[in-house]
1. For residue 116, work out the one condition from (1) in a helix (DSSP H, G or I); (2) at pLDDT 90 or above; (3) in contact with a helix residue (DSSP H, G or I) (Cβ under 6 Å, 6 or more places away or on another chain) it doesn't fulfil.
2. Filter the stretch 153-167 down to the residues that are free of Cβ contacts under 8 Å to residues at least 12 places away in the same chain and either out of contact with any Gly (no Cβ under 8 Å at 6 or more places or on another chain) or assigned to a helix (DSSP H, G or I) (or both) and list them by number.
3. Residues 150, 238, 220: which one is in contact (Cβ under 8 Å) with a residue 24 or more places away in the chain and in contact with a helix residue (DSSP H, G or I) (Cβ under 6 Å, 6 or more places away or on another chain)?
4. Which numbered condition in (1) closer than 23 Å to residue 120 by Cβ; (2) out of contact with any Asp or Glu (no Cβ under 9 Å at 6 or more places or on another chain); (3) modelled with pLDDT of 85 or more; (4) not aromatic (Phe, Trp, Tyr) is the only one that residue 204 fails?
5. Please enumerate the residues belonging to the stretch 277-291 that are out of contact with any Pro (no Cβ under 6 Å at 6 or more places or on another chain) and modelled with pLDDT under 85.
6. So which residues in the stretch 234-260 are within 22 Å of residue 223 (Cα to Cα), assigned to a helix (DSSP H, G or I) and not polar (S, T, N, Q), if there are any at all?
7. Going by what's in this entry, would residue 149 be described as under 26 Å from the mean Cα position of the chain (by Cα), open to solvent by 60 Å² or more (accessible area, probe 1.4 Å), among the basic types (Lys, Arg) and at pLDDT 85 or above?
Amino acid sequence: MTEQDKQPTAGRDRTHKETSEDQASQQAVQDDGAQVSTDSTTAGGVPEAAIPELVIISGMSGAGRSTAAKCLEDLGWFVVDNLPPALIPTMVELGARSQGNVARIAVVVDVRGRRFFDNLRESLADLESKNVTRRIVFLESSDDALVRRFESVRRPHPLQGDGRIVDGIDAERELLRELRGDADLVIDTSSLNVHELRAKMDAQFAGEEEPELRATVMSFGFKYGLPVDADLVADMRFLPNPHWIPELRPFNGLNEEVSAYVFNQPGAKEFLDRYAELLRLIAAGYRREGKRYVTIAIGCTGGKHRSVATAEKLAARLVAEGVETVVVHRDMGRE
């Protein structure tokens, strides 16, 4: 038996640990002797730099929690609705381990999960111990406004039971009183409409960048019906139909010869210029009103030639102006 074998196991383990620590210390020193700083970690071993930003959305039922959550979702946040408070630290840890794919998390906590609600304070303390920065947004509203909203949708308050709506509101206020006191941002929605609430959320969370607008440009054929999800519709049937040109009939608007034929017609280029200018005006208004998605439908008779060519040109204009754009040719190939 060697002298090393005679050493107690604990002693060998301690020696190995000390050696490992020495090696780690040496690795943290550069050739010139300067100490290299290492990233600090949370209690769970996750680098603090990887911890996602966290917002907890709560407040009175009917005060606009869903609208606030949807606003953050449109701004690129990962939103979880009605997550039990005990699972919030787990969600944050999973986000931290996503390699930057989940950098901002918003969690909606409300009385639908009231059996878990007592765990919220414990979860908040857990997050604080792990150096997780969190903000609480509380949506408030007057009793009168809440009663009107519940009556307008003819739904009971989640806590009213066999009582009246006001009984449920009173019970919820009492349940949320302490959380409201801890809130970083309280928004009273009593006199706000949906667009005004979204504007307030944008002002708090959109930063200096203007909220992004995403567009879908869809070509379609009128003979197959209007797209039900269209926000704006343009009719290209004022232009001659390439269908009646024998050499162009087999092709569609993606073909260069078809596109050239369409835009060599009187009024085609003028329409594209003026419609693109109109869309700039509309897009600015959509952003002010909190609208993030717009579907622009471009139609012709069969959705094959004129509408396809125009949709492609219009989408290219939008992309050039920085609008995230998707092109869909609904009826192309349907004939």
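The values are calculated or read from the model by the stated rules, or taken from the named source; none is laboratory data. Only a predicted model underlies this, so the values are computations on that prediction, with no experimental measurement involved. Don't worry about glycine lacking a Cβ; one is built from the backbone with ideal geometry, like all the others, and counts go over all protein chains shown. All accessible areas refer to the heavy atoms of the entire protein, side chains included, with ligands and DNA or RNA removed. Shrake-Rupley method; radii C 1.70, N 1.55, O 1.52, S 1.80 Å.
1. Tallying (1) in a helix (DSSP H, G or I); (2) at pLDDT 90 or above; (3) in contact with a helix residue (DSSP H, G or I) (Cβ under 6 Å, 6 or more places away or on another chain), residue 116 fails exactly one: (2).
2. Within the stretch 153-167, 153, 154, 155, 162, 163, 164, 167 meet the criteria.
3. On the way: 238 fails: in contact with a helix residue (DSSP H, G or I) (Cβ under 6 Å, 6 or more places away or on another chain); 220 fails: in contact with a helix residue (DSSP H, G or I) (Cβ under 6 Å, 6 or more places away or on another chain).
Residue meeting the stated conditions: 150.
4. Going through (1) closer than 23 Å to residue 120 by Cβ; (2) out of contact with any Asp or Glu (no Cβ under 9 Å at 6 or more places or on another chain); (3) modelled with pLDDT of 85 or more; (4) not aromatic (Phe, Trp, Tyr) one by one, residue 204 breaks only (3).
5. 286, 288, 289, 290, 291
6. Answer for the stretch 234-260, where residues must be within 22 Å of residue 223 (Cα to Cα), assigned to a helix (DSSP H, G or I) and not polar (S, T, N, Q): 242, 243, 244, 258.
7. yes
Each row is one residue, and each column tells you yes or no for (1) open to solvent by 70 Å² or more (accessible area, probe 1.4 Å); (2) touching a helix residue (DSSP H, G or I) at 6+ places or on another chain (Cβ under 7 Å); (3) over 17 Å from residue 60 (Cα atoms); (4) at pLDDT below 85.
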position	(1), (2), (3), (4)
99	yes, no, yes, yes
108	no, yes, no, no
144	yes, no, no, no
160	no, yes, no, yes
168	no, no, no, no
171	no, no, no, no
